[in-house]
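First the structure, in the form of structure tokens, and then the observations on it.
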Amino acid sequence: MLKTSNILLTYNYLGFTKKCLEILLKYTIWDKDNILTIIDNNSDDGTQEYLQTIDWADIILNHRNYSINEAWNQGIKRLEAEYYILLQNDIEVIPNWRNILINTANLDPQIGIVTLDDFKNNPSLFYREDPSIPKEVEWIGFVATLFKKEMVDQIGYLDEDFDICDCEDVEYCGRARFFGWKVYLAPYYIKHEGMVAKKNRASGWDLVRKKMELLRDKYKKDSL
């Protein structure tokens, strides 16, 4: 089994993708135990042609623009690994980024989700007096985000009912917490443009509430 299956989603924004891959290659050792899969959702700006020149990653070129959760699930199902790491294409990682995620996840057997993100994108959620200290949170955005395999095996894949409404990250973190898993913000910050994905949180939150109600009804558990 792989140590990490790293899944990078792209849809246009070729400039962001090139910079992201340049930094990933600089700060990451890619080998038979740690594989990067790049999934492109039918870009039309030259991204697919560019990705075909990459010889150090596994490349999937989709022929339509899947929802973000469909694409994430496509990557998770492709390779079995101890850890799945979801990556957006508008980030710049830092040295030792992958070990930071893994080490944070291993602080507690019940930590199932860990992310690295940029403070400026959600200062009220991500603020810490000491950024070198991990922080337990209710939910995080999936930016550079680790899932433990044991958690995915228990709670299932990302919910593909979420499309452009966003909040897929909120729902999955809520589902993880419902089953007793913890969600953590890793120490330190990375650069994240936070501009690529379209956001529509209002309708997303409505769907999250419906999903949590279904979980409570199914398992007769009054939490969240």
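Bear in mind that the values in this text are calculations on the coordinates, not laboratory data. Quantities reported herein were computed from a predicted structural model and do not represent experimental measurements. Note that we place each Cβ from the backbone using ideal geometry, even for glycine, and neighbour counts take in every protein chain shown.
Quick look at the values:
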| read-out | value |
| --- | --- |
| Environment charge of S43, counting only residues whose C-beta is closer than 12 Å and scoring Lys/Arg +1, Asp/Glu -1 | -3 |
| Over the chain: helical MRE at 222 nm, DSSP H runs n ≥ 4 each giving -39500 (n - 2.57), nearest 500 | -10500 deg cm²/dmol |
| Pairs of lysine residues in region 1-94 - Cα separation under 22 Å, sequence separation of 8 or more or cross-chain | 5 |
| Share antiparallel - DSSP beta bridges, region 25-163, percent rounded to 5 | 70 |
| Tail beyond 25 Å, pair distance distribution of the chain (Cα, percent) | 37 |
| Rounded FRET efficiency, nearest 0.05, which uses the C-beta distance separating A57 from Q110 and R0 of 30 Å | 0.40 |
| Crossing angle, helix 14-27 versus the chain [Cα axis fit, 0-90 degrees, rounded to tens] | 90 |
| Amide proton proximity set for Y188, modelled H, under 5 Å, gap of 5+ | S132, I133 |
| Convex hull per residue volume in Å³, alpha carbons only, for region 36-112 | 119 |
| Calculated FRET value between R216 and D153, using beta carbons and R₀ = 35 Å, to 0.05 | 0.95 |
| For N12, net neighbour charge (Lys/Arg +1, Asp/Glu -1) across residues whose Cβ lies under 10 Å away | -3 |
| Cβ-Cβ FRET estimate between Y188 and L79, R0 fixed at 30 Å, reported to 0.05 | 0.65 |
